[in-house]
Structure formats: C-alpha cells, structure tokens
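Every number in this text was worked out from the coordinates using simple rules, so none of it is lab data. Owing to the predicted nature of the structure, the values given are computational and were not obtained by experimental measurement. Cβ placement follows ideal geometry from the backbone for every residue including glycine, while neighbour counts extend to all protein chains displayed.
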Amino acid sequence: MSLLPVAEAQARLLALATPLATENVRLIDAARRWAAEDVIARRTQPAADLSMMDGYAIRFADMPGPWTLIGESRAGAGLDRRVGQGQAARIFTGAPVPEGADAILVQEEAAREGDLLRLSGEGPAGPGSSIRPRGSDFAEGARLIASGDRLTPGRIAAAAVGGHSTLCVRRRPRITLISTGDELVPPGTAADRVMLPASNGVMLQALIGDAAEVQDGGIIPDRLDALVEAFRTAQADIIVTTGGASVGDHDLVRPALAEAGAALDFWRIAMRPGKPLLAGKLGNAIVLGLPGNPVSAFVTARLFLLPLIAHLGGARDPIPKPERARLAAALPAVGNRDDYVRATLSDGHVAPLPNQDSGALSTLALADALIVRPAGAPPASVDEIVDILRIA
C-alpha cells in the first residue's frame, strides 16, 4: 500500500463525518466553539451618541464660550434637557450626549467657577470632537459573527453587546481515548526497565482541552479479544487509539477493528513522524488510530484529530493554516515524506531542536512550533523562509 499524502488524508478523514447536531448554549459555554449560524445584531451599538471623555457637552458654534452649566449626563442617566445657545452640560465618559450638543470640551481644557464655564485650552477641533456616534460600532441587523467562525473572546463580547445571551453551536464531540500496549502502566505507577508510564492519553486530553467530551478508555493489553471488546463497547463520535497500528506481530488495532466490524478508509501517511496512521468508521463513529510513539501521536493528533474535532464542531476552515518564519539553522534535504521538525520560535526565527527521535518527549516539551517541510524539499539555509505550525 502506497503512502497517502497528508493533505489527501486530511480531506478523506473529514469526508467521513458531517458536523454534529446544534444546540443553544450560554455565551460562556460557547467560547472556543464554532458558530452554527450567523449571529445578527439585535440592537445598535452604541445606541446613542456617547462621550469619549470626561468634560462638558457644548455646541461647537458657541466656541470659545463662556457657557452656563445646566446639568450633567452620566453613563446610564442622560440629561433630560436640550443644550441651547451658550449652555453646557457636565458629561462623563460613556454618557449620552445631550440633545443640541455636538462636541465635548474635555475637562483638562476647561475652567469652572460655579455654573460658569470658560475655555482654558485649545478646545474641541470641530463638531463631533470626542463623540462616539450612534451605530459607529454596528447597527441592528448587522452580521456580527459568520457561521463557522471560531467563537473567540472578542466575538463572545460582540454577541453579548449585540443583544444575545445564548448562541447556536454544534454539540461537542464525544471522544474515547484508548492506549494499547502490554508495556504500559498508568502515570505514577512504578515502572521497571521493561514497563513504561503511559503518556499519550494525558497528552491528548491536554491537547484536546474543552473542545470535546473526552472519556479515558484506559490501557488495553495487546490481545485481540480485549481490543475488539473495547471497540464494540465505546460510545463515542470519535474513537482514538495510540499504538498498535503498525505491522508488527503485536500491532493488533487493524485486525481488531476488522473483527469489530469497522471499515478502514486509509492507512499509512507520507509524513515523518507519524507514518502508521489509520482512519475508518465503526458504526457512526470515526476511528483514528495514532502511532504509539508519543511525538508521532502528538503530531498526527495536531494534524488530524484537532481538525476532525473542528469539522464536527462546524468550523469553516478546520485544517490548520501554517505561518511563516525564518530559519535560525540550516536543515538537510527531505526524503519522500513530509517532515515535521520540532523547533523553538523567537522573534520571527525558528530553530530546529537537535533530537528529532519520535520517542523524544524532552524535545517535544521544549518545542513550541513544528517546521513543515514538504517531501522532496532541498536543503534549507539559515534565514530561509519556511512554513511553521504553532504547537504551544
């Protein structure tokens, strides 16, 4: 079986699934998910002309004064009188500009004696000075957020000011994480020289964060019957395995999936690290088999699992877009697989880390970026522009 290019494998994975059902949730619960429909403003913002400064609302035509004070306007309580010729109103930041006034004389440029106000500085430059006009942010009926947009903190704030208390999103996917291998023991358990503390499960849970509802399927030994049972009993939208997807005598994920009734879509990707990746369907669940080496598991999860979660969540563009940076050290030519090089990023320069072994967690712990080098790329020199993906 030939190796599948990364982009083709990503497209085929996403084609296996459709976005999940929608639900309306509180604004705070919608954070970092994706809008399932356009979010339309239910009100105009600001709803009135507002002062941008503390000072005095005046008619610019009355410059340079003096003025007689007739009251004050503060946030949440405007002045109920019109500002007429030669008159002014004390005003505070965020307060509605009284009818008749068209400029703000900032308090640093005014001198007040009782109800008499005089100019002590340059004064406003013209009508509209220091005034935030009604609707200058957005008008009722405007689209604040497009369907498929990530609900960032700024978009959540815009939805709140736009009159929304809930948003329509896709439900979070349910994920079951299964670690395979006779050599694995739970983190914190004493491990002799032939045993290994399991790191992939906790690493993937940390990577996924709150983007999905994650169930730890535990550590399954290298026994066909145990794996088949784990697959058949998993209640999930995505079943993720780590390990057991290669070609060794104890790599049983593929035969176990077949016995459980799964249909394999693809296996083995033209990438390093991460070649023995597989994907398929078991009933309505997507099965994603990640490599067992922790760096390979991390890189493939970054390139496949996170986009799949985003796709199920309704993201418009679930595939991560690379950024650009300058190389801080030379890199050799690339073979017949895309290369994902762990690196550190600083001031626009990316430095490859020395130990690129797929089992080297110390290197992954230091890295905050992956240098993305396509198959067949020639050697890259210092200061050459390369693609990167941030991972921290």
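Kindly state, as a whole number, the per residue volume in cubic angstrom of the convex hull around the alpha carbon atoms of the stretch 31-75.
150 Å³
Can you give the three extents of the C-alpha atoms in the stretch 105-173 along their principal axes, from longest to shortest, in whole Å?
Sorted from largest, the Cα extents of the stretch 105-173 read 65, 21, 17 Å.
For a quick protection proxy, order the peptides 372-380, 235-243 by their average other-Cβ count within 10 Å, most packed first.
235-243, 372-380
Rounded, prolate or oblate: pick one for the stretch 176-226, where a ≥ b ≥ c are the square roots of the eigenvalues of its C-alpha gyration tensor, a/c under 1.5 means rounded, and failing that, prolate if a/b is larger than b/c, else oblate.
Judged from the Cα gyration tensor, the stretch 176-226 comes out oblate (a/c at least 1.5, b/c at or above a/b).
At 7 Å along the Cα-to-beta-carbon direction for both Ala77 and Ala190, put a label point, then send me their distance in nm to one decimal.
For Ala77 paired with Ala190, the spin-label model returns 7.2 nm.
How far apart, in nm, are the 7 Å Cα→Cβ label points at Arg324 and Ala351?
2.4 nm
Just the C-alpha atoms of the stretch 1-53: what Rg/Rh do they give, with Rh taken as the Kirkwood radius?
Here Rg/Rh amounts to 1.29.
At what distance in angstrom do the alpha carbon centres of the stretch 320-382 and the stretch 130-171 lie from each other?
38 Å
Under a no-solvent Debye model with one identical scatterer per Cα of the stretch 261-392, what's log10 I(q)/I(0) at q = 0.09, 0.21, 0.22 Å⁻¹?
One equal scatterer on each Cα of the stretch 261-392 leads to -0.28, -1.29, -1.37.
Label the stretch 179-260 by shape, choosing from rounded, prolate and oblate, from the square roots a ≥ b ≥ c of the eigenvalues of the Cα gyration tensor; if a/c is under 1.5 it is rounded, and otherwise prolate applies when a/b is larger than b/c, oblate when it is not.
Cα axes put the stretch 179-260 in the oblate bin.
For the stretch 1-142, which semi-axes, largest first and in whole Å, follow from the square roots of 5 times the eigenvalues of its Cα gyration tensor?
Three semi-axes, in Å: 54, 17, 12.
What does the C-alpha gyration tensor say about the overall shape of the stretch 189-319? Classify as rounded when a/c is under 1.5, otherwise prolate if a/b is larger than b/c, or oblate.
Verdict is rounded for the stretch 189-319.
What is the log10 of I(q)/I(0) for the chain, computed with the Debye formula using one identical point scatterer on each Cα and no solvent, at q = 0.12, 0.13 Å⁻¹?
Evaluating at q = 0.12, 0.13 Å⁻¹ gives log10 I(q)/I(0) of -0.92, -1.02.
Pulled fully out, how much extra length does the chain show between Val382 and Ala11, if you take 0.36 nm times their separation in residues and subtract their Cα-Cα distance?
130.3 nm
Report, to the nearest 10°, how far helix 224-233 tilts away from the longest principal axis of the Cα atoms in the chain, using its own Cα long axis and a range of 0 to 90°.
Between helix and principal axis, roughly 30 degrees.
So, in nm, how far is label Thr18 from label Asp210 when the simple model puts each one 7 Å beyond its Cα toward the Cβ?
3.0 nm
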